[in-house]
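Student: Below you'll find the structure I mean.
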Amino acid sequence: MIAALTRIQGEARRQLLMATTLYFGILFLEGAVGHVPILATNWHSLALLPVIILPLSLLALIAALLKPSATSEIALRTVMIVAALVGIVGFFTHLAANGVTLSRLGPLLSGAVFREEPGPTWPLAIVLGGVMGIGGGFGIATDDLFRSAVRNGPVRWLDKLAYLSLIGAIALSPSVATLGWCCALTVIACALLLINAVVGLIWLALTRSAT
């Protein structure tokens with residue numbers, strides 16, 4: 001497994017981390033819309049966990065993409081592990097909220113619980129994102145090709161604009177009053193990340209075909 005992760009280098013690593021950032025941006029959008037209004041009435045709730053870890057995940061990913069180093073690698077790995085643990089906790093919390101217990105597994109076995117609210121699949125999505133982040137961030141401190149890809153990637157201003165939009169969204173996310181602007185900035189950031197990923201893949205394909 002470790003040997004496979006070490007083979008993810010350069011532009012391939014950058015694309016994986018960009019995809020992970022896009023993925024966490026979507027999770028952040030859902031988490032902000034779904035959890036911030038709940039916390040406005042009762043902040044003594046486990047709903048606080050995704051509201052904290054999803055922004056931290058985005059910030060750790062942005063730091064790794066902007067400044068690859070041993071520090072950003074450790075920070076990313078730590079936050080991604082915590083995110084995965086939060087997702088596991090959230091999965092069981094959501095099941096319990098839908099009435100699933102050890103003595104009452106019927107809804108789980110029938111699959112009915114997965115279409116209820118709060119949906120247990122969203123926390124599992126956070127677990128998946130954590131795994132993606134761990135895989136993409138493994139070894140960035142020693143990946144010179146990745147540093148070069150970060151410095152010389154195509155349309156470099158596009159990803160920076162996406163990161164700035166995400167940071168703005170995170171700053172606006174704690175308040176219900178500014179939640180709408182938070183969501184708008186998040187959607188803009190995700191769209192920019194998607195465009196950047198498509199451009200990067202085309203550029204990578206053209207570069208390889210030229211060689």
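Student: For the chain, what does the accessible surface come to per residue with a 1.4 Å probe? Please give it in Å². Write out the running numbers ahead of the final one.
Tutor: Working: 10790 Å² over 211 residues.
Heavy-atom accessible area per residue stands at 51 Å².
Student: Sticking with this structure for a sec: In whole percent, how big is the carbon plus sulfur part of the accessible area of the chain, probe 1.4 Å, protein atoms only? Don't jump to the answer; show the numbers that get you there.
Tutor: Numbers: 7950 of 10790 Å².
The nonpolar share, carbon plus sulfur, comes to 74 percent.
Student: Run the simple label-point estimate for Leu161 and Asp144 please: 7 Å along Cα→C-beta, distance reported in nm.
Tutor: 3.4 nm
Student: Let me check I have the definition right: for the chain, take the eigenvalues of the Cα gyration tensor, multiply each by 5, take square roots. What are those semi-axes in whole Å, largest first?
Tutor: 33, 20, 15
Student: Given labels modelled 7 Å from the Cα in the Cβ direction, how far is it in nm from Ala191 to Leu66?
Tutor: 2.3 nm
Student: Still on this structure: Restricting the calculation to Cα positions, tell me the Rg (one decimal) and the Dmax (whole number) of region 28-74 in Å.
Tutor: Cα radius of gyration and Dmax of region 28-74 are 13.5, 40 Å respectively.
Student: Let me ask something else. Starting from the 7 Å offset along Cα-to-Cβ, what nm value, one decimal, do you get for the label separation of Asn152 and Asn42?
Tutor: Between Asn152 and Asn42, the label points sit 5.6 nm apart.
Student: Please report, for the Cα atoms of region 22-104, the Rg to one decimal and the Dmax as a whole number; what are they, in angstrom?
Tutor: Here Rg and the maximum Cα pair distance are 14.8, 50 Å.
Student: What full-extension length gain, to one decimal in nm, is calculated for Ile52 and Leu102 as 0.36 nm per residue of separation minus the Cα-Cα distance?
Tutor: 15.1 nm
Student: Related question: Per residue of the chain, what 222 nm ellipticity follows from adding -39500 (n - 2.57) for every DSSP H run with n ≥ 4, rounded to the nearest 500?
Tutor: Calculated at 222 nm, the ellipticity per residue is -26500 deg cm²/dmol.
The values are calculated or read from the model by the stated rules, or taken from the named source; none is laboratory data. Please read these numbers as outputs of a predicted model, since none were measured by experiment. FYI the Cβ positions are ideal-geometry reconstructions off the backbone, even for glycines, and counts take in every protein chain you see. Heavy atoms of the whole protein, side chains included, go into the accessibility calculation; ligands, DNA and RNA do not. Shrake-Rupley method; radii C 1.70, N 1.55, O 1.52, S 1.80 Å.
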